[in-house]
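What follows draws every value from the coordinates through simple rules; no lab data is involved. Quantities reported herein were computed from a predicted structural model and do not represent experimental measurements. Cβ sites come from the backbone with ideal geometry, for glycine too, and all protein chains shown count toward neighbours.
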């Protein structure tokens, strides 16, 4: 059964959280960008490097305050000396890119992480170029609930990075998360004050699917984890 998670489910009134961005994990940035291009008919824009994580990314705007990120290990950067985020160290060189994770923007990421009934990882400070933020990152590089539960993020500037991206006419229509125990996902979202909308459903495996409006019509982006 699918339930659309919204503000009425929130059990922590002092917290507020919204959908921030979707993450495509890929063994190479070129493979990830090609996968998105084939699905959406749009070329991703250059992002930058995450020196602490040994990764780099490309981006697409999906609205004024939401975007799609393609992320992969950076072969020209130094080894990070730790497990990379988004499960990137577990990807085989020929692995297919997939919609692997999603991030929820909080106004108090430390309090939201502490309120979550599932371990989302410690809050770490990150940066890319002149952008800085705080994000929950499991030390082993895994994804909470296999990617069904979100990472939590808090930007250190008022302007959202999506506003910097070119507008290619893409808009997120719907985002659906499935998990064998969907109530676990719903409890996390309620605890962090998530205001949605995201559809949470039960399924045999973890699946993230995004429906995106493009200039060529609605397209679906998603993969089974």
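Data overview
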{"quantity": "Cα→Cβ-extended label distance, 7 Å offset, between residue 76 and residue 95, nm", "calculated": "2.3"}
{"quantity": "Gained length - residue 158 relative to residue 140, 0.36 nm times residue gap less alpha-carbon distance", "calculated": "3.4 nm"}
{"quantity": "Whole-number percent relative contact order across the stretch 3-224, with pairs defined as alpha carbons under 8 Å at least 6 apart", "calculated": "28"}
{"quantity": "Nearest-0.05 FRET efficiency for residue 30 and residue 171, computed from C-beta distance (R0 30 Å)", "calculated": "0.70"}
{"quantity": "Neighbour-count order for 174, 216, fewest beta carbons within 10 angstrom listed first", "calculated": "216, 174"}
{"quantity": "Rg/Rh ratio calculated on Cα atoms of the chain (Kirkwood radius)", "calculated": "0.93"}
